[in-house]
Amino acid sequence: MSTEPGAATVLPGEPLVTTGLGPTGEPLPPGLHWRPDTRQWVVRSHDLADTVLRDPHIGTALDPERAGIPLPGVADVPSVAQFFELWYHRGANHPTFSRALRRAYAPSAVGEFVDAFVDLATARAAALPPAGDLVAEFIEPFCLDGTFRLMGFPPSRWPALAKIYKIVMYVIRARFRGVLDLPEQTTAAFAAAMRYLRQTVEELTAAPAATPLAACLRTYAEAEGPDPWADVATVAQLLAAGVPQVTTGIGVACHALYGDRALLASARAGGIELTDVAEEAMRLSPPFLGVYGWVTTDCDCLGVRLRPRDAVVVDITAVNLDPDRVPEPTSFCPGRSRSVNITFGKGAHYCLGAASARMQVVAGLAGLVGRRDVHPDVSGFRVTDDGFARAVHALPYRMDVTGGDR
Ligand code: HEM
């Protein structure tokens, strides 16, 4: 357990303003809170989170009252609205497709990529300029490389795909902020991104050397009929669900490791596993802040009467710090059981990409730790939180030209 000042701590975020009383002033059971501004039930204990995450009365499936819009024809280019419609139709929530997708991202399927991730991280770390920002120069580009490699895109396509990722993320983030009307230039860039993505995804599924994802898309097309735009939306959804979170995961793990000299020395000497450092850093500062769902049928599972359409959010940070389940919850203590955190969700709400994400975060750390002349300045670490997720923005570093390990 680390006690050195500057060792990994719970990174600051916007506290959720909640009350221990329900909407009509009734007292609430321990671990359950009410957020009046958004009218959400907020779950903050492990016990209640366990209930919510396996409760059949609380779901995240598509809102049955949502008004859909027509999907694009095969020769059209999807508009932004149609892109999200495709995403809803054949996203990770699709009953049949999601099972195949989960198999493609199972630990046994992604395990073979571990060496490729380490090689990519090592190469990126070796190419670092003498000083700069690790988020821009290493962490995000490495996450993109690793993700494209896992998906099976050839390296010649990676630079263009990285640009496409940025366009798609811009549009997705605007949508989540409720911005639907985008400037003409953005709409045109989005259409170009969709066309490029379709071309590369079609190449991916036609290529003989299949990755688990390519094989999954191809098998599904053979069984159900081809749907190239749905494949595009799936790939975009995987990029959006994965790259920002893995970027944050590596960022908070670097902050933990480089903020504590003893920890860094121990990791370099093999006294402590990078896997444990990463897991503990993401317990204290989880990239995703909540699991969101809503009540589908009347129930009392959380100790109060819940009504259909009530919104329920599991506060991941709070659950990861629950003193009833986690001894000394705010201490950085690598080697804790994974069961004391829900960083990747749980049960039916377990992250589809957890295995590959963990491998990528550890490979990123290993690539950096191997370069003893790289000195990150954790005092310049910048992280923000928009209520849904944490995002890392900066981690300045400099290179020690003497190659020293200070
Ligand atoms: C450190 C990195 C990551 C963290 C902390 C994380 C965390 C989570 C969490 C907490 C959930 C549950 C959300 C909910 O049900 O509301 C989730 C779901 C999901 N994650 Fe991740 N994730 C990470 C990386 C990835 C990666 C790399 C991928 C892509 C391969 C991915 C794909 C998904 C998908 C598709 C879902 C939705 C699953 C479903 O609804 O069936 N995630 N993730």
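A few comments on the model shown:
- Scaled against the 2.2 N^0.38 Å expected of a compact globular protein of N residues, the Cα radius of gyration of the chain reads 1.01.
- Note on Val74 and Ala394: their simple-model spin labels are 5.0 nm apart, each label 7 Å out from Cα toward Cβ.
- Dipole magnitude of the chain about its Cα centre (Cβ charges: Lys, Arg +1; Asp, Glu -1), debye to nearest 20: 280
- In this label model, Tyr170 and Thr186 are separated by 0.8 nm, measuring between points 7 Å along each Cα→Cβ vector.
- Gain on full extension, evaluated as 0.36 nm per residue between Ala223 and Val179 minus their Cα-Cα distance, stands at 12.1 nm.
- Residues Leu134, Leu263, arranged from fewest to most other Cβ atoms within 10 angstrom of their Cβ, appear as Leu263, Leu134.
- Label-to-label distance, nm, for residues given as Tyr292 and Arg305 (7 Å Cα→Cβ offset): 2.7
- As a rough footprinting exposure proxy, the listed residues Arg90, Arg398, Arg307, Arg283 were ranked by other beta carbons within 10 Å of their own, and the order from fewest upward is Arg307, Arg398, Arg90, Arg283.
- Remark: Lys163, Lys346 ranked as Lys163, Lys346, counting other beta-carbon atoms within 10 Å and listing the fewest first.
Rule-based calculations on the coordinates, nothing more; no lab input. Computed from a predicted model, the values in this text were never measured in an experiment. Cβ atoms come from the backbone with ideal geometry, glycine included; neighbour counts cover every protein chain shown.
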